[in-house]
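The structure appears right after this line, and notes come after that.
The values are calculated or read from the model by the stated rules, or taken from the named source; none is laboratory data. Computed from a predicted model, the values in this text were never measured in an experiment. Glycine gets a Cβ as well: all are built from the backbone with ideal geometry, and neighbour counts include every protein chain shown.
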Amino acid sequence: MNRRHLLTTALAGATVTALPAFAQPAAIQVGAVEILTGPAAAYGIAIKAGLELALDAINLKGILGGQKIALTVEDSAGDKNQAINAARKLIGRDKAVVIIGPTLSNEMFAVGPVTNERKIPTVGTSTTAAGITEIGPYIFRTSLPESDVVPVTFKKAQARGMKTVALMYANDDAFSKSGYDVMKASADKLGVKIVATETFGSKDTDFSAQLTKIKALKPDAIAISALVEPVSGVVLQARQLGIGPEVQLIGGNGSNSPKLGDIAGKAADGMIVGSPWFIAKPDEVNQKFVAAFKAKYNKDPDQFAAQAYDCMFIVAAAIERAGAADSEKITAALAKTSFSGVMGPFAFTSGRDPASADGVVVLEMNGGKFGIAK
Amino acid sequence: MPPWLDDFFWTYQNLVYALGVNGLLALSIYVVLAVGQLSLGQAAFMGLGAYSSAIMTLKFKLPFLLVLPASCIVPVAFALLIGGPTLRLSGVYLAIATIGLGEVLRAVYLNIDWFGGALGLSGIPERAGIGSIYGLLAAALAVLWIIGRSHIGRAMEAMRTDETAAEVMGINVPRYRLGALLASAVLAGLAGALSAHVSSFIGPNEYGFEPAVTILSFALLGGIGTPIAPVLGAWILTLLPELLRGLADFRLVFNGVIIVIAVLFLPNGILPFRLRRHGRP
Amino acid sequence: MLGQQLANGLILGATYALFALGFTLMFGVIRVINLVYGFYFTAGAFIALYLTRNLGWPMAVAFPAAAIASGVMAIGIDGLLLTRLRRVGAPELASLMVTLGAVLALYATATALLGPDIKRFPASVIGAEAMEFAAIRITQAQVLILLATIVLVGGLLALMHGTRLGLALRAMAENPDAAGLMGIDTIRLAALVSFISGALAGAGGVLIGLNFNAIQPYMGEAMMLRGFVVIIVGGLGDIRGALIAGLLLGIVEVLTAGYIASGLKEAVAFAILVAVLWSRPAGLFGRAVTRRA
């Protein structure tokens, strides 16, 4: 009993230190679990920026007759246990009625069952692996799964004459592996011959062995499923090893980042990537978003920020339609989402995945920037 | 139970589980450090326990009462396998060889689809709880405490202070070493099974180099004079990131700084005391 | 293809060896498992990045400056962390723990201040075009890594075996107490080792950052595991051993990925490590000495 007492005291101490400074009683609590520290922090920080930019606009008018949304973003440090702790803290102590995130598919597999059991709607903005929304009826995602995006890219490559392809992927994270599964299925469906399948670790920096092997097989294309850091490394080394522009480079969702151009520069020229969004998308909503993002953060938004930006509006609209800050009603309202944002028109399927992949365009790197592929 | 208290327990449920599981892991490293062995296979053993128990539950639908004790089998088998050759090693050589084991197993989980590859194993039902976790932790603590105060404990301490002298005194050093390694495998295997059955998902990256170092740090921060010391170390290191949530971006900074200060001023651990023994000197 | 694969392995191995040089020196002489070492590697890359990108210095000047700055940083941090522990005669593992805490704090500070994004050197710093000799392609940065590895290994061997300072360092590695009694100022010598190993780490960070063109706060962390393998297989404090073990590891990884299966390259590398340790418990080139950790 003594030990439990000690523990309770320690935890109560935590409650005091972390209490939000002047929480307004009328605010509607929304929580987000993102990676803000540690090696993968770049993704969570981009998402947080997108969420907060949208929140500024939403709170200007308020919802439900002038109420504000109070967004608390908790750090998971990319760690499964910390992600669960963060979600439980947001729901149990901050009384969040909706959870946004977490950042990685692996984290969602751990957090989803917890929030789902508590019947709190949970909306992933960046979780693209297979099986995410099958966790339960309260788990949604606004990010298009790879299975909607990759086939579009592969069709484009085939139209350009791809008959053989070498596949490369990071075999140690769920997102990259899922992307690879889809690439393999797409190639099989289109009758494109897979001449090699090579893997690497998502923290690797050297890919020369795999690329040398692929080069000798002379495929028409190389498709890579991984986060942008290793993809940039693969592309740079492919060029160094003499794999020229005659080989079509194809990226998965992870390659769809301005960082590809920042890191790989000209080496990435000619690489094609399917995307539900790109920075130069000409419609007015998007141009306003890009300008506002640049003004607030002094850098270009990436896909993660754009998805998060839309997600915040989708969540706010669902709360508005639910008529109350009630998780059960918000879940029902979310399912009926009909929204048009920077990513284009958006609705959920009955399986709580994005309904339409019509907005997917194929982008091509040119001079370190993405433009529409011709 | 009033609703606020209910919420309170729900909020910290996972943390409370993690404290118990990490307590077991701390004891797992304690038993090898207590005989002077820097053997860092605990994360690997934990992974074996987690994967084997999750497969027993998910694929063979075995009851948890059977799964939990059976989760020690695979880690113990591996401990026996590596026991002979690795026990010849000492110091950092042993540490690196045992960390190598974790990395080899990681590659196995990643490359064999039956283990779920990078997607890991998900949908593991919640079978463990406060009772099973803390019951086992208390039992392990009690057993280690009693052993520590017996003549076995004295032999262990002798090995830790001066192995050659211990051998001269007639202590069967290899047997103690292997015994410690097996006990370590059992404790880590149990911890793995328990954690798999409270968090619904396990992945291949949770049992490699970094967790091995984290588990070692439990014992280094707490001390190894008594079994309770490493458990305290584990609790502090598990609670710190949660207590520091208010610091946002700088919480990992403070987490590290607190560790540095603690070690600089208490280099033998936060609880540097040794077990008292009666009887023969 | 085999020629290119061997070249790939040689270059990868040289990066491992380059990373491990300072690590093995520190481990061998001061007998401290200094986990902050990886941070000096990161620091070197970021300092060189700042000097070339923000101040416009040429790489030829920025490179030694970054190495020296990392070395000075190492004197400060190691002194702060380890001197007190050494004075109170703390157990060796306490120093491991204190460097673990420190490296957590340092990486997190770097991420908070510099941002988590990958950065790259300006394109003008070094040519990215590969040269081709006999169907083997190699870049300028890779040539630089090979040259630097040869020069640094040669320099360190000359220092350790050809100078009085080297004699003192080896005496200290053998037995610090006896070295102290023989009139060697072990505190100052420890600071010097910190400087050399920090500078080597910083130099490695710049070169490897140039080669992979990706600089981010946790880049040193990612190298640590391989660094451990290299210094253990090569033998603690053994410069020549670190070189051979690094090259061996690089070539084995590349050949495994190239001819067996890329998913197995780490497993094979670690299996070899374990096998080496089983058959030669003090490293490939080590004499059988038993030391307690």
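Structure notes:
- Leading residue by the ranking (farthest from the other protein chains (Cβ to nearest Cβ)) among those in segment C:6-29 that are aliphatic (A, V, I, L, M) and touching a Lys or Arg at 6+ places or on another chain (Cβ under 9 Å): C:V29
- Scope segment C:107-124; condition aliphatic (A, V, I, L, M), surrounded by fewer than 20 Cβ atoms within 10 Å (Cβ to Cβ) and either touching a residue at least 24 places away in the same chain (Cβ under 8 Å) or not in a loop (DSSP other than H, G, I, E, B) (or both); matching residues: C:A112, C:L113, C:L114
- Matching residues in segment A:261-283 - criterion: being within 10 Å of chain C (Cβ to nearest Cβ) and either under 19 Å from the mean Cα position of the chain (by Cα) or not acidic (D, E) (or both): A:I263, A:A264, A:G265, A:K266, A:A267
- If you check A:L236, A:L249 for being within 18 Å of A:T197 (Cβ to Cβ) and either assigned to a loop (DSSP other than H, G, I, E, B) or aliphatic (A, V, I, L, M) (or both), only one passes: A:L249.
- Yes/no for B:F60 being surrounded by fewer than 23 Cβ atoms within 10 Å (Cβ to Cβ), over 21 Å from B:G208 (Cα atoms), without any contact (Cβ under 8 Å) to a residue 24 or more places away in the chain and away from chain C (no Cβ under 14 Å): yes
- Annotation note: Cβ proximity below 9 Å between a residue of segment A:116-127 that is free of Cβ contacts under 8 Å to residues at least 24 places away in the same chain and a residue that is surrounded by fewer than 17 Cβ atoms within 10 Å (Cβ to Cβ) (sequence gap 6+ or interchain) occurs for A:N116/A:G136; A:N116/A:P137; A:E117/A:G136; A:E117/B:E126.
- Some residue of segment A:157-168 being at the interface with another protein chain (Cβ under 9 Å from one of its Cβ atoms), outside any helix (DSSP H, G or I) and at pLDDT 95 or above: yes
- Condition check for B:G153: farther than 23 Å from C:S279 by Cα, more than 14 Å from chain C (Cβ to nearest Cβ), of a type in the set (G, A, S) and surrounded by fewer than 17 Cβ atoms within 10 Å (Cβ to Cβ): no
- The one condition in (1) assigned to a helix (DSSP H, G or I); (2) closer than 28 Å to A:T205 by Cβ that A:I319 fails to fulfil: (2)
- Unmet criterion (only one of (1) touching a residue at least 40 places away in the same chain (Cβ under 8 Å); (2) within 16 Å of B:H197 (Cα to Cα)) for B:A70: (1)
- Within segment B:78-91, if we keep just the residues that are touching a Phe, Trp or Tyr at 6+ places or on another chain (Cβ under 8 Å) and in contact (Cβ under 8 Å) with a residue 40 or more places away in the chain, the residue that is farthest from B:V32 (Cα to Cα) turns out to be B:F78.
- Restricting segment A:71-109 to residues that are of a type in the set (K, R) and not in a helix (DSSP H, G or I), the residue that is farthest from the other protein chains (Cβ to nearest Cβ) is A:K95.
- Elements of the type helices (runs of 4 or more DSSP H) sitting completely within segment B:204-281 and holding at least 1 residues that are at the interface with chain C (Cβ under 9 Å from one of its Cβ atoms) and not basic (K, R): these cover B:209-222, B:251-265.
- Looking only at residues in segment A:121-130 that are touching a Gly at 6+ places or on another chain (Cβ under 9 Å) and either assigned to a loop (DSSP other than H, G, I, E, B) or within 12 Å of chain B (Cβ to nearest Cβ) (or both), the one that is nearest to A:A357 (Cα to Cα) is A:T128.
- Taking the criterion of being touching a strand residue (DSSP E or B) at 6+ places or on another chain (Cβ under 7 Å) and either more than 9 Å from chain C (Cβ to nearest Cβ) or surrounded by fewer than 20 Cβ atoms within 10 Å (Cβ to Cβ) (or both), the residues of segment A:187-206 that qualify are A:A187, A:V192, A:K193, A:I194, A:V195, A:A196, A:T197, A:S202.
- Helices (runs of 4 or more DSSP H) completely within segment C:200-293 that count 3 or more residues being touching a Phe, Trp or Tyr at 6+ places or on another chain (Cβ under 9 Å) and away from chain B (no Cβ under 13 Å): C:239-255
- Entry remark, segment C:79-107: residues being in contact with a Phe, Trp or Tyr (Cβ under 9 Å, 6 or more places away or on another chain) and either more than 7 Å from every other protein chain (Cβ to nearest Cβ) or modelled with pLDDT of 90 or more (or both) number 6 in total.
- Of all residues in segment A:135-142, none satisfies being among the aliphatic types (A, V, I, L, M) and out of contact with any helix residue (DSSP H, G or I) (no Cβ under 6 Å at 6 or more places or on another chain).
- Subset of segment A:186-219 [of a type in the set (A, V, I, L, M, F, W, C) and either part of a strand (DSSP E or B) or not assigned by TED's automatic domain parsing to the domain that holds A:G161 (or both)]: A:I194, A:V195, A:A196, A:F200
- Subset tally (residues that are touching a strand residue (DSSP E or B) at 6+ places or on another chain (Cβ under 9 Å) and either closer than 14 Å to A:I314 by Cα or outside any helix (DSSP H, G or I) (or both)) for segment A:41-53: 2
- Residues that are aliphatic (A, V, I, L, M) and modelled with pLDDT under 85 were ranked within segment C:109-124; the one that is nearest to A:N298 (Cα to Cα) is C:I118.
Residue-by-condition table, conditions (1) modelled with pLDDT of 85 or more; (2) hydrophobic (A, V, I, L, M, F, W, C); (3) out of contact with any helix residue (DSSP H, G or I) (no Cβ under 9 Å at 6 or more places or on another chain):
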residue	(1), (2), (3)
C:G183	no, no, yes
C:A190	yes, yes, no
C:V193	yes, yes, no
C:G209	yes, no, no
C:P217	yes, no, no
C:G220	yes, no, no
C:V229	yes, yes, no
C:G234	yes, no, no
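- One residue from A:A291, A:A306, A:A325 being assigned by TED's automatic domain parsing to the domain that holds A:I99, out of contact with any Phe, Trp or Tyr (no Cβ under 6 Å at 6 or more places or on another chain), at pLDDT below 95 and not acidic (D, E): A:A325
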